[in-house]
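The values are calculated or read from the model by the stated rules, or taken from the named source; none is laboratory data. Source: prediction; values computed, not measured. To get the accessible areas, we keep the full protein, side chains included, count just its heavy atoms, and leave off ligands, DNA and RNA. Shrake-Rupley method; radii C 1.70, N 1.55, O 1.52, S 1.80 Å.
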Amino acid sequence: MADLQLTLLLEQLPLFKGLSHLELTELVGNTRLQFKQIGEKQTIIHENQPCQALHIITQGNCLITQTAANSIYQISEQLAAPTILQPHHLFGTAPHFTLQATAITPCTILLIDKNEWMRLMEQQFAVRLNFLNLLAAELQRKERQTLLPPATTIEQQFSHFVKHRCLHPAGQKIIRIKINTLAELFHRHPRAVSAALHRLEQLQLLQLNRQRITIPQLEFLP
């Protein structure tokens, strides 16, 4: 990719907000940036893969799948570019991805090696501040979820269950789970859980299939 094209691309990414065109041009000339083309239905990252570089999807759409540690449920959602895949997993005591990302359409991935990213943060205050803001926003989102009023109905329990586990609070989500598993997690009778889900289906807020629940628009759940 030509330097001018790359500079214009970086201008659109939130991690480089606040840098002038000249600063970005210098950054492009002095930074090792790797691009990877991922074909439709190909895997972008695997669950438990070491997180050794920032993975920024600059073009295309991908399917994100998260699986519970005991494999009792799985949640999938679509994300569109530009998006960064689990940037908070680049550091810490467990620097591994906890999800799988698969290309829905052909995708372009910008990879920035961890050491290179640390150098950029050290040299550019704006880059360091943008990354801290990104991590803070994720932490605050999780914190707000813990402060929500407790769910009193099964419908609310289900809504909280899904929203707390998704990366993006809107759009289509697909949950693969058994009714009995949901009942155990909610401490409810399976028949009551099934009845609540059917009520949501009648309101066209979700679609029920065998061990699969499709939510067309998560933001519309109660």
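Quick rundown of the values:
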| item | result |
| --- | --- |
| Surface accessible to a 1.4 Å probe, per residue, for the residues of the range 1-103, Å² | 53 Å² |
| Cα-based reach from K173 at 18 Å (exclusive), listing aspartates and glutamates while leaving out same-chain residues under 8 positions away | E77, E155, E201, E219 |
| Max mean-square fluctuation residue, GNM over the chain, Cα-Cα springs under 10 Å, options L148, L54, L33 | L148 |
| Solvent-accessible ranking of T65, T93, largest area first, probe 1.4 Å | T93, T65 |
| Accessible-area ranking of F125, F91, largest first, probe 1.4 Å | F125, F91 |
| Euclidean distance between Cα centres, the range 88-134 to the range 135-204, Å | 29 Å |
| Solvent exposure of the range 160-201 as accessible area per residue, Å², 1.4 Å probe | 54 Å² |
| The chain - mean residue ellipticity at 222 nm from DSSP helices (-39,500 (n - 2.57) per run, n ≥ 4, rounded to 500) | -11500 deg cm²/dmol |
| Above-threshold pairs, the threshold being 25 Å between Cα atoms, out of K17/K41; K36/K114; K36/K163 | K17/K41; K36/K163 |
| L221 accessible area, assembled protein chains, probe 1.4 Å, Å² | 10 Å² |
| Of P149, P82, P14, the one that fluctuates the most in a GNM where the chain has Cα springs shorter than 10 Å | P149 |
| Percent accessible area from carbon and sulfur atoms, the range 39-151, protein chains only, probe 1.4 Å | 55 percent |
| Per-residue HN-Hα couplings for the range 155-165 [Karplus 6.51, -1.76, 1.60; θ = phi - 60°; Hz; x = Gly/Pro] | 4, 5, 4, 5, 4, 4, 4, 6, 4, 6, 10 |
| Over the range 114-222, relative contact order from alpha-carbon pairs under 8 Å, at least 6 apart, % | 26 percent |
